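What follows is a short report on a single structure.
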Amino acid sequence: MSAVKPSNKNPQTMKIPGLHLTQIGSGDFLLEPSRGLNIHDRGTLIRSLVARLQHTKTTRLYYDLSEQVIIDPVYYAWLNELARALLTINIKMICIHMQPTAAFALAQFTQEPPTFGTALNISGWRKAGDRGQHDQRRPG
Amino acid sequence: MTQKNKTMEKNGLSEKLAALFSLKIGNISATLEEPGRKFFCGDSRLMDEDDVADFSAEFLNLITVLLGSKEPFNRESPEFHALEMFFASLSRKILLRGGNVENVVRYTQLLQHTLIGALETDSGIAFSQSRSVLLYFTGVFNELIMAVFRAYLEEKEQALHVQEEALRETATPITEIWDGVLTLPIIGTLDSSRTMLVMEALLNRIAKDHARAVVMDLTGVKNIDSQVSHHLIQIVHAIQLMGSNAIITGIQPEIARALVSLNIDLANITTRASLSDGLKEAFRLMDIHVSRKAEQ
């Protein structure tokens with residue numbers, strides 16, 4: 001799989017097959033998956049992303065789930081694995097725009113809180129400060 | 001004998017049936033009003049005499065068009081379809097006015113006999129002695145009774161749907177009490193299907209209103225079992241996954257005891273004693289400060 005293809009026109013954007021990464025502020029990136037995303041090749045995808053992000057002083061990666069109507073255990077495992085990998089280089093992954101159907105389905109089979117944080121949208125997370133709109137591991 | 005009659009007889013129709021299809025029907029509308037008066041006027045007060053006269057005339061017009069059509073046997077013809085629509089509409093009208101389907105079915109059956117009698121009197125042809133004419137009308141009116149039942153079922157289904165919607169709304173009275181803060185008081189028994197209903201409505205509302213906090217008040221819930229408590233945790237979990245904050249308030253002592261005995265882990269769930277405390281927590285999470293206006 002060809003890995004990272006930085007855009008010549010705009011260094012703040014980058015394309016990995018199935019993923020579109022955009023810098024949206026100092027230390028913040030937005031990751032938008034497309035239909036072409038092949039999560040079965042997650043090793044390559046994670047390596048490409050980590051390689052791209054670790055030299056950018058990124059602290060937060062917003063993963064946009066607006067197109068993901070259903071999240072099944074395989075996709076959930078991908079999200080968790082990506083979040084864990086990003087934590088190793090001190091990047092917090094926050095999933096935004098999770099659809100009601102996806103949250104409904106996900107709540108049926110998950111027992112433990114996910115590794116990633118969740119927020120309604122980017123501004124929702126920023127308003128709530130760094131502890132996040134909802135850090136899944138934050139005690140009540 | 002007309003050309004049409006001859007063609008029909010060639011096609012195997014009996015003489016009386018051929019005569020029926022070529023009949024110049026006179027004004028028998030007044031006779032056809034009798035069944036309508038019997039079933040829909042009087043004590044039942046489902047219609048007044050003018051209504052009955054109107055729809056009897058309309059029926060006569062439609063049946064005349066069908067009998068005179070090129071294909072009086074064709075159940076797919078526009079003429080027959082118009083007759084079906086007429087009975088479906090009549091059925092709906094009667095049901096909406098508080099009548100029952102039996103009224104309409106009995107009316108349709110009596111109308112069949114009255115129509116044959118009226119045609120016989122009007123034309124002087126003994127239609128009631130013809131097996132083929134009786135069979136033809138039985139076939140037509142059976143289909144019309146089916147149309148009446150279909151309309152009845154559609155009406156019932158629609159009523160059920162409306163009731164379900166009303167129940168759904170009363171079962172999940174979600175209110176946006178502040179910008180981005182939803183409250184959901186749950187009253188009565190929480191079973192699995194209701195919990196699922198609540199969950200679906202709540203998640204859709206969070207997405208619609210971009211709600212950042214949801215306060216679920218359980219003050220009105222008296223009983224909870226293991227399955228429902230797990231569903232409750234699932235609701236909270238789903239709310240958190242959407243990026244909103246869930247706050248559960250008003251847990252009654254019996255519920256608290258049940259949750260403990262069921263080994264339900266509330267460690268990741270924000271709980272407060274009362275709805276008021278829950279709202280304060282929601283405001284705190286959203287950095288909203290509510291204070292009394294300073295005295296002048």
Pick from the stretch A:98-115, criterion facing chain B (nearest Cβ under 8 Å) and outside any helix (DSSP H, G or I), ranking: farthest from A:Ile70 (Cα to Cα): A:Pro113
Please determine, by comparing only the residues of the stretch B:54-99 that are part of a helix (DSSP H, G or I) and among the hydroxyl-bearing types (Ser, Thr, Tyr), which one is farthest from B:Cys41 (Cα to Cα). B:Thr64
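Does B:Thr219 satisfy the condition of being among the polar types (S, T, N, Q) and under 19 Å from B:Leu275 (Cα atoms)?
On the way: among the polar types (S, T, N, Q): yes; under 19 Å from B:Leu275 (Cα atoms): yes.
Spelling it out, B:Thr219 is indeed among the polar types (S, T, N, Q) and under 19 Å from B:Leu275 (Cα atoms).
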Determine whether B:Ser229 is in contact with a strand residue (DSSP E or B) (Cβ under 9 Å, 6 or more places away or on another chain) and among the small types (Gly, Ala, Ser). no
Any chance the stretch A:47-55 includes a residue that's of a type in the set (Val, Ile, Thr) and part of a loop (DSSP other than H, G, I, E, B)? no
Could you tell me which numbered condition B:Ala151 fails, if it satisfies all but one of (1) free of Cβ contacts under 8 Å to residues at least 40 places away in the same chain; (2) assigned by TED's automatic domain parsing to the domain that holds B:Gly98? (1)
Checking A:Thr118 against (1) more than 14 Å from chain B (Cβ to nearest Cβ); (2) touching a His at 6+ places or on another chain (Cβ under 8 Å), only one condition comes out false. Which one? (1)
Tally time: how many residues in the stretch A:66-92 are over 15 Å from A:Asn38 (Cα atoms) and crowded, with 19+ Cβ neighbours inside 10 Å? 5
Checking the structure you have, find out if any residue of the stretch B:235-250 is modelled with pLDDT of 90 or more and over 25 Å from A:Pro100 (Cα atoms). yes
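The values are calculated or read from the model by the stated rules, or taken from the named source; none is laboratory data. Keep in mind the model is a prediction, meaning the values are calculated, not measured. Every residue, glycine as well, gets a Cβ built from its backbone with ideal geometry; the counts of neighbours run over all protein chains shown.
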